[in-house]
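Every number in this text was worked out from the coordinates using simple rules, so none of it is lab data. Bear in mind that the values here come from a model prediction, so they are computed numbers and not experimental data. Note that each Cβ is placed from the backbone with ideal geometry, even for glycine, and that neighbours are counted across all protein chains shown.
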Amino acid sequence: MSSVFNWIHEHQAMIYIVVLMIFVGIEVIGSVPSVLHTPLMSGANAIHGVVIIGAIIVMGKAETDNYLALALGFLAVVLGTLNVVGGFVVTDRMLEMFSKKKKSS
Amino acid sequence: MSSVFNWIHEHQAMIYIVVLMIFVGIEVIGSVPSVLHTPLMSGANAIHGVVIIGAIIVMGKAETDNYLALALGFLAVVLGTLNVVGGFVVTDRMLEMFSKKKKSS
Amino acid sequence: MEINILSFIYLLASVTFIVGLKMLSHPTTARKGNAVAAAGMTIAIFGTIFLYNDQGETLGNYGWIFGGLAIGTILGTLSAKRVKMTAMPEMVSLFNGMGGACAALISIVEFDHLMHLDGMSGLLMVLAGSAAVQGFLLIILLGLIIGSVSFAGSMVAWGKLNGSLRDFSFRGQQAFNIGLLLLILGLATYLIVALPSNALLLFYIIFGLSILYGIFFVFPIGGADMPVVISLLNSFTGVAAACGGFLYDNKVMLTGGILVGAAGTLLTILMCKAMNRSLTNVLIGAFGGNTATASAGPSQGAYKEISLSDAAVVMSYANKVMIVPGYGLAVAQAQHACHELEKILSAKGVEVSYAIHPVAGRMPGHMNVLLAEADVSYEKLLEMEQANEEFSTTDVVLILGANDVVNPAAKSDPASPIYGMPILDVELAKHVIVNKRSMKPGYAGIENDLFFRPKTSMLFGDAKKVLQDLISEVKNS
Amino acid sequence: MEINILSFIYLLASVTFIVGLKMLSHPTTARKGNAVAAAGMTIAIFGTIFLYNDQGETLGNYGWIFGGLAIGTILGTLSAKRVKMTAMPEMVSLFNGMGGACAALISIVEFDHLMHLDGMSGLLMVLAGSAAVQGFLLIILLGLIIGSVSFAGSMVAWGKLNGSLRDFSFRGQQAFNIGLLLLILGLATYLIVALPSNALLLFYIIFGLSILYGIFFVFPIGGADMPVVISLLNSFTGVAAACGGFLYDNKVMLTGGILVGAAGTLLTILMCKAMNRSLTNVLIGAFGGNTATASAGPSQGAYKEISLSDAAVVMSYANKVMIVPGYGLAVAQAQHACHELEKILSAKGVEVSYAIHPVAGRMPGHMNVLLAEADVSYEKLLEMEQANEEFSTTDVVLILGANDVVNPAAKSDPASPIYGMPILDVELAKHVIVNKRSMKPGYAGIENDLFFRPKTSMLFGDAKKVLQDLISEVKNS
Ligand SMILES: NC(=O)c1ccc[n+]([C@@H]2O[C@H](COP(=O)([O-])OP(=O)(O)OC[C@H]3O[C@@H](n4cnc5c(N)ncnc54)[C@H](OP(=O)(O)O)[C@@H]3O)[C@@H](O)[C@H]2O)c1
Ligand SMILES: NC(=O)c1ccc[n+]([C@@H]2O[C@H](COP(=O)([O-])OP(=O)(O)OC[C@H]3O[C@@H](n4cnc5c(N)ncnc54)[C@H](OP(=O)(O)O)[C@@H]3O)[C@@H](O)[C@H]2O)c1
């Protein structure tokens, strides 16, 4: 138990950020109309592509003779980029449909 | 300019907490009905009474021969407590009115 | 170890503040939300007292601390319990001022401490380089300035609301205020950057000027706008508390303060919206300075009076009566008499309900609170939109101490300071009876054309007195 | 210096994510919100590449990094641009899986790194005490497990949506899944606490089991529930990304990941609510396992068919026709033909509109997107409540590939898995014409009593083909 408190004390800032972010995440999409569920899911999907930054760090730090790290890091960068770029482009296409619809009305 | 970035880097965690808290504060009361404006203001007023904690720290750290610190610290504790206790009690009284109203309906 | 538990307690308290505020903004959960936040505050306070530990240094002076807590608790509870419902906004303003003063006092003690540093810690401070000292100073000064402005402003707002202070402004006050603010900021910058030898004096000068600014900031603003001002000062105090959070690297002060700072600012804007005005309009004072002229307009002719007995007869034989309560009802403490009249009329088969304007009175929800106090049932209270639909089928509208909220100028006169505010369309009804003490204007300080319209009859006198007389008349009729 | 700028960039990016998501949830700002978040992501990526600095150590392997970015960008853009509107959910699932895989790969490399520590940094690690190492391990394993589950689950969801995988479940699968999960968690705990010498092997076993769990987790869930599952896995990937944030003390990964984790979870719940179901109900699979029996019910007698020419005549001479689009319309890519028919009927003076059920199709808003693609005007789309009011004055309802959303069992049969879902009350209209290819059930896998009702006539065939034939018939009639 005491080690839990200790851990909390040591990572206070991180924990506050996590807790507050949870509140923000929940509040921010509080009242989304159901037609927007899919684009919102897709947009959120693109945002968690931020994991690409971890992949870049892994890749950039890999020693040039560590082939496992190089190969996996490279794969991670490709996959992460797919997530980010594909995510944002698909979301934009979906929303384009909606805005076209709006204009024609 | 560079010292600003430096400051941001050094107080990163605090700044994130502040920024996120601003989002939380705004989102959390997003759609409050106007009858609740006054109790909400009063409740928020009680919450900033958390400044009492600073007063307690000042008071608790004052050397026993530093009369200025003792006197001002004591005053701060009294005022802070007024803010906290008075704030919550007044808010409760206001809301009691509303709930009485609800029940009689 | 203790400090670790304290961190956890602070985290918990921060969460209760957020959850509490969230619950406070929904009618069904509001009261529980207040209790949740209060519980969080309690554990944060006692946690601090018993578990605080700054590199081995714990807190002392328990006698003083508990003494202060006890005095504050007793005074706070008593005054909060005793205060009349209608004086609630004043009370909030007073408590808010206490918080601001508390933040300012903390800054004063910490600055004093900084000036008298000696021994190890003084050395460390100097070694740490001036950047750290400057950051520290910045936060101390911010806390001082914001706290003082909030304190002084709240006191003025309090004075205005309880009637002991009148509006006051002079030509060029706006420019004077801006100048004062710039002076304060300039002196503070100088203090931080140069750290002159007479720093302590300078510090107290800044303190004095901040108090002055707080006073001049609020003084010209019309009394009717005080709830908005209090809400704004409330968010100021939140920021001042957050400064304390930076000072002591204390997360619960930081989060609590910023939360109130942000939520308070939004709330202020929402309040302005409910009155159909902008925040700048409130602060620069369309009611205060500029439009004093508007109130000087000439009376628009003659008005009609109605006798008590006639009013009683008209209402007794009506099918549907709508009561429009306003600030005057609250001042006269006539809510119980009003409920009494409503019951007697209902007993005679008259359909009676209340038309509640969102900004009637002096705080949002004022009328709801007031009538709830007198046990008026909830279904009888109609919101503005509902009421406006009902007026056309209403026989008699009885206006009790309301004025601005039924002023047709809000719809017809673009030059009026309340132009654009939605009002209660009482003129759709067959008869309008207005009770007030004189022909004096309401808080916006403007004439009300309604009183001179053919459908309107005036029934002068204090609301409580008039209602009591009406009741006996109706009983006898 | 660079690292200071990077911190600022990360802060900015975090804010764009929040603001972007906020804007995404309002119809008018959604598209701009997506662009805002994308801009934040771009600066975060390039900031990392050029400004990253970990105690003097900057990034290398620029060739590999830019190569990977280029390949990912080209593949991502092409596939996202090429994909058909109706295949969007599959695409989202695929991209989500890529993110999960990315998180898992990061964990694998970092674990490998940890196992081969040597020299200074290895020494430091040991000196720092096992607690730090354990925390590090915990985060690596969390990232691995969550990322792998998300990856495998997304791949299965993708396969189901594009039709290459069928539902599959076995008796006791629920228990098996729970056992598997417990095994994974047990092994992970053992690895962290004991750090055995065969840690690397154990790590890969955990990896494999997590992939397996992801597969078995999604497999039994009905294809119709895939959007909900994808949304859930989406929030999983968010948490996995946040683990990376802990690992590198990287605030933008942390905030972005947690943001998606929280928002995604709420969104999942909102989606379930729109279908009037609970999340557990979706996951434990009322559609998947338990109610397979329900679909085996006997046919409720005979149904009536209608010829193309008769259908054309009935519609041509109707005053008001309501089209109910469903998943079949999307599968047949018949939206353009549908719009064509609508225009021809309108030209003949028939009032045509569309009744849009909120969960028609396979993703929320599916029908809106589909019909918008064919340039159907916005006013012609009626939401469910609106449509249900109009049906009673409608002459002909034309159901195009919809099934569950018009199934009266949702109202009448408490044993039905879709019981309680609000449906389109097409039976209020005079005639109902149903187009589908066979009498096979829709995605809930249950019989539809509507097809056997006296008012209903079936018009079998592929939606596109049938619509084209109808168009020429109407033209000639
Ligand atoms: N509710 C809020 O949140 C809020 C906040 C800020 C500002 N305001 C402002 O406050 C005003 C509220 O409008 P309102 O119509 O309720 O009030 P009002 O316009 O201020 O008018 C009140 C009237 O009551 C009369 N009165 C005073 N004492 C009385 C007594 N003892 N017996 C009978 N009548 C008495 C006064 O006339 P006599 O002196 O002739 O008797 C006065 O004209 C609006 O301008 C609004 O914008 C409201
Ligand atoms: N929208 C969402 O967000 C969402 C998310 C998750 C789940 N769901 C679920 O998905 C279902 C949606 O209901 P729905 O009524 O739209 O669809 P549905 O119940 O799945 O029925 C679709 C019907 O279209 C027919 N069809 C298939 N291909 C066709 C073609 N080429 N031409 C003509 N007809 C064709 C099929 O019958 P034949 O095979 O006989 O042709 C099938 O009965 C609901 O159960 C809903 O809960 C929706």
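Structure data summary
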read-out	value
Rounded to whole Hz, the Karplus (6.51, -1.76, 1.60) HN-Hα couplings of region C:85-90, x for glycine and proline	3, 6, 9, 4, x, 4
Stokes-Einstein D (µm²/s) once Rh is taken as the Kirkwood radius of region C:154-240 over alpha-carbon pairs, at 4 °C in 1.567 mPa s	90
Candidate aspartates and glutamates - alpha carbon under 17 Å from D:Lys304, same-chain residues fewer than 8 apart omitted	D:Glu427, D:Glu447, D:Asp449
Chain C: angle of helix C:463-476 to the longest principal axis, Cα-based, in degrees nearest 10	30
Per-pair calculated FRET efficiency, R0 = 56 Å: C:Tyr204 and D:Asp375 via Cβ, rounded to 0.05	0.20
Likely footprinting exposure, C:Met315, D:Met384, D:Met98, fewest C-beta neighbours within 10 Å first	D:Met384, C:Met315, D:Met98
Copy-to-copy label separations for C:His336, where each label sits 7 Å from Cα toward Cβ, in nm and ascending	8.0
Label point 7 Å beyond Cα along the C-beta direction, distances from C:Pro196 to other copies (nm, shortest first)	7.4
Debye log10 I(q)/I(0) for the protein assembly as shown, one point scatterer per Cα, at q = 0.06, 0.09, 0.10 Å⁻¹	-0.63, -1.21, -1.31
For C:Val133, inter-copy label distances in nm, listed shortest first [label point 7 Å out on the Cα-Cβ vector]	4.5
Full-extension gain in nm, C:Ile43 to C:Glu390, via 0.36 nm per residue minus C-alpha separation	119.9 nm
The protein assembly as shown - mean residue ellipticity at 222 nm from DSSP helices (-39,500 (n - 2.57) per run, n ≥ 4, rounded to 500)	-21000 deg cm²/dmol
Once exposed loop trypsin sites (Lys or Arg not before Pro) are cut out (DSSP; at most 10 other Cβ, 10 Å), longest piece of chain D	D:172-477
Residue-span extension gain [C:Lys32 to C:Ser438] - 0.36 nm each, minus C-alpha spacing	141.8 nm
Residue order, fewest to most beta carbons within 10 Å, for B:Glu10, D:Glu385	D:Glu385, B:Glu10
Contact order normalised by residue count of chain D, Cα under 8 Å, 6+ apart, percent	13
Label-point gap, in nm, between B:Ser31 and D:Ser278 - each point 7 angstrom along Cα→Cβ	2.5
Viscosity 1.002 mPa s, 20 °C: Kirkwood-radius Stokes-Einstein D of region D:86-295 over Cα pairs, µm²/s	119
Percentage relative contact order, region D:1-82, counting C-alpha pairs under 8 Å, at least six apart	27
Spin-label pair C:Tyr62/C:Leu183, simplified geometry with 7 Å Cα→Cβ offset, distance in nm	4.8
Chain D: radius of gyration and largest Cα-Cα distance (Dmax), Å	26.6, 89
Stokes-Einstein diffusion coefficient of chain A, Kirkwood radius over Cα pairs, 20 °C, 1.002 mPa s, in µm²/s	125
Cβ-Cβ FRET estimate between C:Leu12 and D:Ala87, R0 fixed at 56 Å, reported to 0.05	0.75
Proximal lysines relative to C:Lys348, as straight alpha-carbon distance under 23 Å, when same-chain residues fewer than 8 apart are discounted	C:Lys320, C:Lys380, C:Lys430, C:Lys464, C:Lys465, C:Lys475
Stretchable slack from C:Leu138 to C:Tyr419, in nm (0.36 nm times residue separation minus alpha-carbon distance)	96.8 nm
Reachable aspartates and glutamates from D:Lys32, criterion Cα separation under 15 angstrom, eight or more residues apart if same chain	A:Asp92, A:Glu96
Helix axis angle, A:37-47 relative to chain A longest principal axis, alpha carbon, degrees	30
DSSP-defined beta bridges in the protein assembly as shown - what % are antiparallel, rounded to 5	5
